[in-house]
1. Once the piece of chain linking Gln39 and Glu73 is laid out straight, how much longer is it, given 0.36 nm per residue of separation minus the C-alpha distance between them?
2. Any chance you could run the full-extension gain for Glu49 through Thr6? It's 0.36 nm times the residue separation minus the Cα-Cα distance, nm to one decimal.
3. With +1 on the Cβ of every Lys and Arg and -1 on the Cβ of every Asp and Glu, and nothing else charged, how large is the dipole of the chain about its Cα centre, in debye rounded to the nearest 20?
4. For the chain, what does -39500 (n - 2.57) per DSSP helix run (n ≥ 4), summed and divided by total residues, give at 222 nm, in deg cm²/dmol to the nearest 500?
5. Can you give the direction-averaged projected area of the convex hull of the alpha-carbon atoms in the chain, in nm²?
6. Identify, among Ala74, Ser4, Ser53, the residue whose Cα sits farthest towards the positive end of the charge dipole of the chain, taking +1 on the Cβ of Lys and Arg and -1 on the Cβ of Asp and Glu, with the dipole about the Cα centre.
Amino acid sequence: MASSHTELDTLGHRLRHFRTAAGLTLDQLGERAGVAPSQLSLVENGKREPKLSTLQAIARELGLDLAELLSGEAP
């Protein structure tokens, strides 16, 4: 169970990194990807596991491959 929490934390860190690198706020990315900013915040903080469709929309809006967003390495 601890590993999945670690994976969610890593995903959250990567998401925040790529979002801020793209110069987007939670509101802006949420609007573009069709996700509530509060949901994005939960994902970035490792508190919510997003649906695959949500991750695909986020990756598309950030100009990333889904695999790039889901990498287990720190950004």
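1. Values: separation 34, 0.36 × 34 = 12.24 nm, distance 2.26 nm.
Separation in residues times 0.36 nm, less the Cα-Cα distance, equals 10.0 nm.
2. 14.3 nm
3. On the way: 8 positive and 10 negative charges, 31 e Å.
In total the dipole reaches around 140 debye.
4. Numbers: 5 runs with 52 residues, N = 75.
It comes out at -20500 deg cm²/dmol, rounded to the nearest 500.
5. Over all viewing directions, the chain projects a mean Cα-hull area of 4.3 nm².
6. With unit charges placed on the Cβ atoms, the residue in question is Ser53.
Where a number appears in this text, it was derived from the coordinates with a stated rule and is not lab data. Since we're looking at a predicted model, the values are computed, not measured. Cβ coordinates were reconstructed from backbone atoms using ideal geometry, including for glycine residues, and neighbour counts include every protein chain displayed.
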